[in-house]
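The values are calculated or read from the model by the stated rules, or taken from the named source; none is laboratory data. Note that the structure is a prediction, hence the values are computed from the model and not measured. For neighbour counting, all protein chains shown are included, and Cβ atoms are generated from backbone atoms with ideal geometry for every residue, glycine included. Please note that ligands, DNA and RNA were not included when accessible areas were found on the heavy atoms of the full protein model with its side chains. Shrake-Rupley method; radii C 1.70, N 1.55, O 1.52, S 1.80 Å.
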Amino acid sequence: MRVAERTKPDGGKAPTVTARSSVSTATHVALRRRRGVNREGLEAGRRSTRTILWILLAAAMVLYGFPFLYLLFTSFKTPIDTIAVPPTILPKEWTLENYANALGRSGVLASFINSIQTAIISTLLSLVLAVPAAYGITRYKTPSGRVFIMAALVTRMVPPVAIGIPLASMMASAGLADTPIALSIAHTTISLPLSIWLMSSFFEAVPRDLEEAATVDGCSRLGALWRVVIPVVSGGIAVTAIFAFLASWNEFLFALLMTAIRSQTTPVVIANFQTQFGLDWGSMTALAAVYSIPVILLTLLLQRKIVAGMTLGAVKG
């Protein structure tokens, strides 16, 4: 900034600001105003983006949740309302008759027990096989390991109908026809590839320094896995368990092919709800609503673990 001198009344010199200094000050003021306008524009853009995202999220929730809400409302309708044309969303007359009919049928309670047994066994088998497989793939990083995980993912793309009949024949030859064990093994073929893939991503997010510190303290490779790595990826294990459980809980084709009476699961029983006039929509929707309760409760119980598993990769060391 250029400064000029002017004469004081007593004859001394005093500095004065020239016109160039005034221009510089005006420029700074204009820049500050421009920055303020830009900042306000950025904030407005962020608010608009946030509003659009919330609208899209609400629309997705409505589209995703409407079928279940319609099923839930239908379970409280009278038999006449369930087949009304045009259909109504809310029941004209609320009733619990459908729940009484569905839960009172023979074989429904046994099918629930079979579904729970099959899903639990299948989930445990998937975790027991997927955890060591994924750990070995991520820690040793051999070419065969990469080929194995890609092959596992490719097998997940094979249509279940292509292996359903051979599996049913194999289980019958092994004396396991119409048993929860046979169905659990079949369901494991569906959930295991995805379980290995998920657990591999979770193990990748765990720093190797943790294992090295454990080995320095005297732990073996297996001890480090059990005492250090498994607690860190417990959220990922919960996420994998949820997916494996859902894969077995909702499966229909293998259950239809490999069960008869003793080990029928609830999806097969729901499909058999027929009357002389057609499908019994009221009882079907009532049993389907009850069948969804265990999964909802399991998800709520493991909610914190699921969130921890989903955010595990964000804190990768």
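Does residue 263 fit the bill of being in contact with a helix residue (DSSP H, G or I) (Cβ under 7 Å, 6 or more places away or on another chain), surrounded by 23 or more Cβ atoms within 10 Å (Cβ to Cβ) and part of a loop (DSSP other than H, G, I, E, B)?
yes
Does residue 252 satisfy the condition of being open to solvent by less than 50 Å² (accessible area, probe 1.4 Å) and touching a helix residue (DSSP H, G or I) at 6+ places or on another chain (Cβ under 8 Å)?
No: the conditions fail for residue 252.
Residue-by-condition table, conditions (1) at pLDDT below 80; (2) part of a helix (DSSP H, G or I):
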site: 15; (1), (2): yes, no
site: 34; (1), (2): yes, yes
site: 38; (1), (2): yes, yes
site: 41; (1), (2): yes, yes
site: 50; (1), (2): no, yes
site: 54; (1), (2): no, yes
site: 63; (1), (2): no, yes
site: 69; (1), (2): no, yes
site: 90; (1), (2): no, no
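When residues of segment 201-233 are filtered for being part of a helix (DSSP H, G or I) and under 24 Å from residue 146 (Cα atoms), how many remain?
Matching residues across segment 201-233 total 17.
Assess whether residue 195 counts as being over 20 Å from residue 120 (Cα atoms) and modelled with pLDDT of 85 or more.
It is false that residue 195 is over 20 Å from residue 120 (Cα atoms) and modelled with pLDDT of 85 or more.
For segment 121-164, give me each residue that is under 30 Å from residue 290 (Cα atoms) and touching a residue at least 24 places away in the same chain (Cβ under 8 Å).
Residues satisfying the conditions are 121, 122, 123, 125, 126, 127, 156, 160, 161, 164.
For segment 50-101, which positions are surrounded by 11 or more Cβ atoms within 10 Å (Cβ to Cβ) and of a type in the set (S, T, N, Q)?
74, 75, 78, 82, 88, 95, 98, 101
Any residue in segment 88-103 that is without any contact (Cβ under 8 Å) to a residue 24 or more places away in the chain sitting within a Cβ distance under 6 Å of a residue that is open to solvent by less than 100 Å² (accessible area, probe 1.4 Å) and charged (D, E, K, R)? List the pairs, counting only those 6 or more apart or interchain.
Listed pairs, sorted by first residue: 91/77; 91/81; 92/81.
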